[in-house]
Amino acid sequence: MEHDVVTVLGLGAMGTALARALLVAGHPVTVWNRTPARADALVGEGARPAPDPASAVAASPLTIVCLLDHAAVRTVLDGVDLAGTTLVNLTSGTPEHARATAAWLAERGAEVLAGTIMVPTPLVGPEEGLVLYSGSAAVHERHRTTLEALGRTELLGDDPGRAALFDLGMLDVFFAGLASFLHAAAVVGRDGVPAGEFVRYAEEVVAILPATFRGLAKDVDAGTHPGDEDNLVMDAAALAHIVATSRARGVDPALPELVHGLARRAIDRGHGGDGFSRVVDELRSPRRPGAAAGPAGAAAR
Ligand SMILES: NC(=O)c1ccc[n+]([C@@H]2O[C@H](COP(=O)([O-])OP(=O)(O)OC[C@H]3O[C@@H](n4cnc5c(N)ncnc54)[C@H](OP(=O)(O)O)[C@@H]3O)[C@@H](O)[C@H]2O)c1
């Protein structure tokens, strides 16, 4: 089978992993990096170094860009002739960045697919990699086999910002989970419980999250928040206990206070009998600065 010729711009940790996965899959790969020495290992593995971004782009019909941020993408490609080329931009950012960069690249003649890499560098590759894409379905289809060398591909639609939107949504869940675990570890740690002893119990909670998330998603989409299994008054009481336990141990209560404050606001609006999914309405209408019933004052309830 003949393999597509591919260019990779940006050889940081991730760009290097992408170029290497393409080489392993048998693609001829041209590489360029602002700091040329970072290409040395890949050149030893068979990549061809280009002296500048323009010659790197000209070397292949398909260029994969993976730089620190979208500002760097513009810096690197400013003035480069992109007419007739295909660019897959795997640089992370906000949906707004992804849309603006896609438009900027398209104005310069490129066909554009935007993507976000959902795995760390060691997992890049056809077995464990996952890259979400959005933008040109034609580009995704035309280069699907090549892109599969980097990981499983999922196309999320023609809005180039959508891959970044999903990426940030997933990171939102991820970081909130990490922060909550660390908060709980700090609280139990004050009573002499090692995090390593507690973690097994945290895992019990994590195990019920997938089904719980699906239930919340159903309620959010339906706009109904039945409180037959749990209700916000009950939830707020549990959250107040978490805040009190945290405070009593000198652990920063900001995280549970935030969630407790959201539940209290929904109760104050008359939704105490609703399920926890009702909190989505509070998140959709952030509290006005200076408004009463902040989380700290509400924590006693
Ligand atoms: N690493 C991961 O696990 C991971 C996972 C998912 C997504 N990502 C995303 O992948 C992208 C690259 O990450 P990385 O881990 O490879 O970062 P990195 O190791 O810090 O590399 C950054 C790259 O951007 C280049 N760069 C930065 N500013 C530049 C500028 N003004 N002009 C030209 N080149 C510039 C650097 O060139 P020099 O070598 O010359 O400094 C280097 O090639 C980021 O958007 C990141 O969020 C990374």
(message) I'm told Glu127 meets every condition in (1) open to solvent by 80 Å² or more (accessible area, probe 1.4 Å); (2) within 19 Å of Ala17 (Cβ to Cβ); (3) not aromatic (Phe, Trp, Tyr); (4) not in a loop (DSSP other than H, G, I, E, B) except one. Can you identify the failing condition by its number?
(response) (4)
(request) Please verify whether the stretch 54-67 includes one or more residues that are assigned to a loop (DSSP other than H, G, I, E, B), assigned by TED's automatic domain parsing to the domain that holds Leu11, modelled with pLDDT of 95 or more and farther than 23 Å from Thr153 by Cβ. (result) yes
(request) Please tell me if Ala13 is surrounded by fewer than 19 Cβ atoms within 10 Å (Cβ to Cβ) and under 28 Å from the mean Cα position of the chain (by Cα). (result) yes
(request) Please find, among Glu96, Glu45, the residue that is more than 26 Å from Arg144 (Cβ to Cβ) and either in contact (Cβ under 8 Å) with a residue 12 or more places away in the chain or not assigned by TED's automatic domain parsing to the domain that holds Arg144 (or both). (result) Glu96
(request) Please determine, by comparing only the residues of the stretch 93-123 that are open to solvent by less than 70 Å² (accessible area, probe 1.4 Å) and part of a loop (DSSP other than H, G, I, E, B), which one is farthest from Ala164 (Cα to Cα). (result) Gly109
(message) Just the residues that are in a loop (DSSP other than H, G, I, E, B), on the phi < 0 side of the Ramachandran plot and within 13 Å of the ligand (Cβ to nearest atom), please, taken from the stretch 1-41.
(response) Leu11, Gly12, Asn33, Arg34, Thr35
(message) Please go through the stretch 60-72 and give me each residue that is more than 8 Å from the ligand (Cβ to nearest atom) and open to solvent by 20 Å² or more (accessible area, probe 1.4 Å), ordered by number.
(response) Pro61
(message) So in the stretch 272-295, with the set limited to residues that are surrounded by 14 or more Cβ atoms within 10 Å (Cβ to Cβ) and outside any loop (DSSP other than H, G, I, E, B), which one is modelled with the lowest pLDDT?
(response) Pro295
(message) If I ask for residues that are away from the ligand (no atom under 16 Å from the Cβ) and over 19 Å from Met14 (Cβ atoms), which ones from the stretch 45-59 would you list?
(response) Gly46, Arg48, Ala58, Ala59
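Those residues that are exposed (fewer than 12 other Cβ atoms within 10 Å of the Cβ) and at pLDDT 95 or above, I need them from the stretch 219-240; list them, please. Break it down stepwise before answering.
The first filter runs over the stretch 219-240 and keeps only residues exposed (fewer than 12 other Cβ atoms within 10 Å of the Cβ), leaving 221-223, 228-229.
Within the stretch 219-240, Asp221, Ala222, Gly223 meet the criteria.
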(message) Please pick out the residue among Asp191, Asp172, Asp158, Asp167 that is open to solvent by 90 Å² or more (accessible area, probe 1.4 Å) and either over 29 Å from Asp252 (Cβ atoms) or touching a strand residue (DSSP E or B) at 6+ places or on another chain (Cβ under 9 Å) (or both).
(response) Asp158
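The values are calculated or read from the model by the stated rules, or taken from the named source; none is laboratory data. Just so it is clear, the structure is predicted and the values come from calculations on it, not from any experiment. All Cβ positions, glycine included, derive from the backbone under ideal geometry; neighbour counts span all protein chains shown. Only protein heavy atoms, including side chains, enter the accessible area calculation; ligands, DNA and RNA are left aside. Shrake-Rupley method; radii C 1.70, N 1.55, O 1.52, S 1.80 Å.
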